[in-house]
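Each remark here refers to the structure printed beneath this line.
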Amino acid sequence: MRKLVLGIMATALAGCMFTGAAMADETESAGDLLPGGGSNIIYIITPSTSNPFFNTEQVIGSAKAEELGYEVKCFSHDDDAAKQLEYFEAAITDKAAAIICDNAGADASVEAVQKAYDAGIPTFLIDREINESGIAVSQIVADNAQGAAAIAEKWVEAMDYEGKYAELLGLESDTNCWVRSENYHAVIDEYDTLEMVAQQSANWDQTEAYEKTEAILQANPEITGIICGNDTMACGATQACIDAGRDDIKIIGLDGSDEAAAYIKDGKMVGTALQQIAAITEMAVEQADDYLNGTAPEEEKQLVDCIAITADNVDNLSAFVYTEGGAAETEAE
């Protein structure tokens with residue numbers, strides 16, 4: 001019955017840019033597209049923009065959507081699923097054409113995305129997946145497994161394959177937290193000479209990472225390395241080590257932020273893995289526009305490779321964008 005109603009709606013709206021429908025699952029062909037709310041508004045909902053990574057999502061997403069002719073409304077849910085739900089409900093009330101979202105939890109976000117789906121508004125997820133298929137049009141994420149393993153290999157080399165270390169985990173309800181940790185360890189645990197002596201969550205937060213690192217250093221002064229689930233925590237950990245006179249500690253993160261790049265250039269961090277979030281966000285907005293014009297993406301779940309960033313190539317990185325033949329090479333020419 002629902003498919004029949006959606007079919008009638010699609011026929012009535014033929015020729016309108018908001019004619020469309022979501023795939024029931026990844027393998028189903030795009031036959032019944034969600035129509036969108038009928039307005040020209042795209043909602044962009046992310047975690048706090050105090051984190052430059054999430055700020056980039058809103059800046060890049062807004063620019064691309066406006067370039068394509070949409071009005072944009074941006075909100076931050078601060079990793080609060082209840083607040084996120086309120087913004088999804090606002091988007092429904094606003095008759096939004098589509099929603100771009102970096103969600104507030106793999107399980108906790110399912111309700112919000114389902115509500116949008118039921119209201120006929122397509123959702124395009126970036127950076128973080130949800131534990132449900134068929135209700136978001138696309139889930140475009142960095143290949144966290146590949147990226148974590150790639151930068152872990154650089155860290156193991158910097159550690160000279162031995163020593164004691166600590167780990168700062170991200171938000172434990174976030175799928176990315178465990179994907180990154182597991183793939184760090186897939187590389188590191190190959191070496192019996194590397195021993196983890198502390199593991200704590202700093203919830204993706206820089207201040208919390210600074211404080212946790214201070215406590216870890218006091219309890220475990222013998223550590224020579226710290227692996228961090230993201231750059232925000234890595235930068236907090238790095239500054240704590242510098243302030244403690246321990247800038248010998250080998251630290252990695254994952255994101256590709258400018259702040260992390262600055263520490264890498266100064267020799268205070270080993271490296272990071274760039275999640276190409278600028279490219280991912282543009283992909284989501286472009287896919288939303290294509291979808292609203294009648295073309296669904298071929299697959300719901302899409303992976304974008306990360307790039308391991310170290311002192312060797314950090315000059316190619318700026319504002320979460322990696323350019324081959326970056327500033328240093330251009331100047332050399």
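The values are calculated or read from the model by the stated rules, or taken from the named source; none is laboratory data. Values in this document were obtained by computation on a predicted structure and should not be read as measured data. Positions of Cβ are backbone-derived with ideal geometry, glycine not excepted, and every protein chain shown enters the neighbour counts. Areas reflect the complete protein model, heavy atoms only, side chains present, ligands, DNA and RNA absent. Shrake-Rupley method; radii C 1.70, N 1.55, O 1.52, S 1.80 Å.
Within segment 205-214, one or more residues are acidic (Asp, Glu) and part of a loop (DSSP other than H, G, I, E, B). Only strands (runs of 3 or more DSSP E) whose full extent lies in segment 61-178 are considered here, and the ones with at least 1 residues that are acidic (Asp, Glu) are 71-76, 163-169. Considering segment 279-290, and only residues there that are open to solvent by less than 10 Å² (accessible area, probe 1.4 Å) and under 17 Å from the mean Cα position of the chain (by Cα), the residue that is farthest from TYR184 (Cα to Cα) turns out to be VAL285. Look at ALA311 and say whether it is assigned to a loop (DSSP other than H, G, I, E, B), modelled with pLDDT of 95 or more, among the aliphatic types (A, V, I, L, M) and under 26 Å from ALA148 (Cβ atoms). The answer is yes for ALA311.
Of the residues making up segment 141-155, those that are under 27 Å from GLU211 (Cβ atoms) and open to solvent by less than 10 Å² (accessible area, probe 1.4 Å) are ASN144, GLY147, ALA148, ILE151, ALA152, TRP155. With the condition kept exactly as written, say whether any residue in segment 48-56 is touching a helix residue (DSSP H, G or I) at 6+ places or on another chain (Cβ under 8 Å), aromatic (Phe, Trp, Tyr), open to solvent by less than 50 Å² (accessible area, probe 1.4 Å) and under 17 Å from ASN176 (Cα atoms). Scanning segment 48-56, I find at least one residue that is touching a helix residue (DSSP H, G or I) at 6+ places or on another chain (Cβ under 8 Å), aromatic (Phe, Trp, Tyr), open to solvent by less than 50 Å² (accessible area, probe 1.4 Å) and under 17 Å from ASN176 (Cα atoms), so the answer is yes. LEU171 falls short on exactly one of the conditions (1) at pLDDT 95 or above; (2) within 20 Å of THR46 (Cβ to Cβ); (3) open to solvent by 10 Å² or more (accessible area, probe 1.4 Å); (4) of a type in the set (A, V, I, L, M, F, W, C), and that condition is (1). Scanning segment 174-183 for residues that are touching a residue at least 60 places away in the same chain (Cβ under 8 Å) and buried (at least 22 other Cβ atoms within 10 Å of the Cβ) returns ASP174, ARG180.
Being without any contact (Cβ under 8 Å) to a residue 40 or more places away in the chain and crowded, with 21+ Cβ neighbours inside 10 Å is the requirement here; does THR123 meet it? For THR123, the condition - without any contact (Cβ under 8 Å) to a residue 40 or more places away in the chain and crowded, with 21+ Cβ neighbours inside 10 Å - is met.
Close Cβ contacts (under 8 Å, 6 or more residues apart or on different chains) running from residues in segment 285-313 that are closer than 17 Å to ALA97 by Cα and without any contact (Cβ under 8 Å) to a residue 40 or more places away in the chain to residues that are outside any strand (DSSP E or B) and small (Gly, Ala, Ser) comprise ASP290/ALA296. Selection of segment 245-271 for residues being under 15 Å from PRO52 (Cα atoms) and touching a residue at least 12 places away in the same chain (Cβ under 8 Å) yields GLY253, LEU254, ASP255, GLY256, SER257, ASP258, GLU259, ALA260, ALA261.
Conditions tested, residue by residue: (1) under 19 Å from ASN176 (Cα atoms); (2) open to solvent by less than 70 Å² (accessible area, probe 1.4 Å).
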{"site": "ILE223", "(1), (2)": "no, yes"}
{"site": "GLY256", "(1), (2)": "yes, yes"}
{"site": "ALA273", "(1), (2)": "yes, yes"}
{"site": "LEU292", "(1), (2)": "no, yes"}
{"site": "GLU298", "(1), (2)": "no, no"}
{"site": "ASN313", "(1), (2)": "no, yes"}
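For the residues ASP189, ASP160, ASP205, the requirement of being at positive phi and without any contact (Cβ under 8 Å) to a residue 60 or more places away in the chain singles out ASP160.
Residue under question is ALA240, and the condition is that it be without any contact (Cβ under 8 Å) to a residue 40 or more places away in the chain and either surrounded by fewer than 24 Cβ atoms within 10 Å (Cβ to Cβ) or touching a strand residue (DSSP E or B) at 6+ places or on another chain (Cβ under 6 Å) (or both); does it hold? Yes: the conditions hold for ALA240.
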